[in-house]
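Comments concern the structure below.
The values are calculated or read from the model by the stated rules, or taken from the named source; none is laboratory data. Keep in mind the model is a prediction, meaning the values are calculated, not measured. Cβ coordinates were reconstructed from backbone atoms using ideal geometry, including for glycine residues, and neighbour counts include every protein chain displayed. For the accessible areas, the whole protein counts, side chains as well, though only heavy atoms, and no ligand, DNA or RNA atoms are used. Shrake-Rupley method; radii C 1.70, N 1.55, O 1.52, S 1.80 Å.
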Amino acid sequence: EWVMELSVGRDANHGANVDAVIHACHSHEYWNGARYLASVNVGGAHSVVRAIQSSPSVRKVVFIGSYSAHVDRSASDDVAWLSRSSARECSSRSKRLAQEVFRVAASAGTFRLDIVSPSYLIGPFQLVLLAPLRWCPPNGINVVDVRDVARAVVRCASSTREQGQRILASGDNISLRELFGEMNRQAGFATTPRRVPRECLLLMPRLRQFGA
């Protein structure tokens, strides 16, 4: 919100003439707890929307979310409920809630909303390991090159279309053993990760989503 105040301004007398806003902020700091994650991810979305609505110059908003935000959830997506959930679950579901904050705001018709939903972003020069990854969950993940996602975002921000669009940015499916092994190699570690036995995950309910 502080950055938005500097660039967009609280009223027409302050800030630059901003045409498009790109929102790509999501906290994964699980160690700070669910309440913190809900405050940053959902509360932050509300703050950004308020700043956008205060500027008459903003006509386009690009929200970079996640493909997990489109998964149908059976449990409540209420913010109060999120604050009582596990940090991992809160992080995942807050993506959907933040996206809904922008969708509701865009329904007023003051700005066009484009939603770019990437899978797991990966790119060059992002891997920094202090020690080799020796263990990995037994499942896999879909990865997409961050440069491909950046191109999609730029096209959205520079487009003159009247209607917004949703872009699902996905790439290749890869096992976490392959991914962790490549991360080790790029970091200079000659270590092949071993899969965590599924039986171990069954004993830890909050880790079942990782392949048990």
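Within the range 28-49, which residues are within 13 Å of ALA98 (Cα to Cα), in contact (Cβ under 8 Å) with a residue 40 or more places away in the chain and not polar (S, T, N, Q)?
Of all residues in the range 28-49, those within 13 Å of ALA98 (Cα to Cα) come to 37-49.
Still in the running and in contact (Cβ under 8 Å) with a residue 40 or more places away in the chain: 37-38, 41-42, 44-49.
Result: LEU37, ALA38, VAL42, GLY44, ALA45, HIS46, VAL48, VAL49.
Evaluating VAL71 against the criteria (1) β-branched (Val, Ile, Thr); (2) surrounded by fewer than 20 Cβ atoms within 10 Å (Cβ to Cβ); (3) at pLDDT 65 or above leaves one unmet condition, (3). The residues listed here are LEU133, LEU113; of these, the one that is under 25 Å from VAL58 (Cα atoms) and touching a helix residue (DSSP H, G or I) at 6+ places or on another chain (Cβ under 8 Å) is LEU113. Checking ILE122, ILE174 one by one, the residue that is over 18 Å from the mean Cα position of the chain (by Cα) and closer than 18 Å to SER66 by Cα is ILE174 and no other.
Within the bounds of the range 2-14, is there any residue that is among the aromatic types (Phe, Trp, Tyr) and at pLDDT 85 or above?
No: zero hits.
Against the numbered list (1) touching a Leu at 6+ places or on another chain (Cβ under 8 Å); (2) in contact (Cβ under 8 Å) with a residue 60 or more places away in the chain; (3) more than 20 Å from LYS60 (Cα to Cα), ILE141 comes up short only at (2).
The set of residues in the range 162-182 being open to solvent by less than 80 Å² (accessible area, probe 1.4 Å) and either in contact with a Lys or Arg (Cβ under 6 Å, 6 or more places away or on another chain) or farther than 14 Å from TYR120 by Cα (or both) consists of GLY164, GLN165, ILE167, GLY181, GLU182.
For the range 74-93, what are the residues that are open to solvent by less than 70 Å² (accessible area, probe 1.4 Å) and modelled with pLDDT under 65?
Initially, the range 74-93 is screened for residues open to solvent by less than 70 Å² (accessible area, probe 1.4 Å), giving 75-77, 79-80, 82-83, 85-87, 89-93.
Selection gives ALA75, SER76, ASP77, VAL79, SER83.
Kindly check whether there is at least one residue in the range 108-123 that is farther than 28 Å from ALA87 by Cβ, surrounded by fewer than 14 Cβ atoms within 10 Å (Cβ to Cβ) and modelled with pLDDT of 90 or more. Scanning the range 108-123 turns up at least one residue that is farther than 28 Å from ALA87 by Cβ, surrounded by fewer than 14 Cβ atoms within 10 Å (Cβ to Cβ) and modelled with pLDDT of 90 or more. Applying the condition of being in a helix (DSSP H, G or I) and aromatic (Phe, Trp, Tyr) to the range 26-68 and asking which residue is modelled with the lowest pLDDT yields TYR30.
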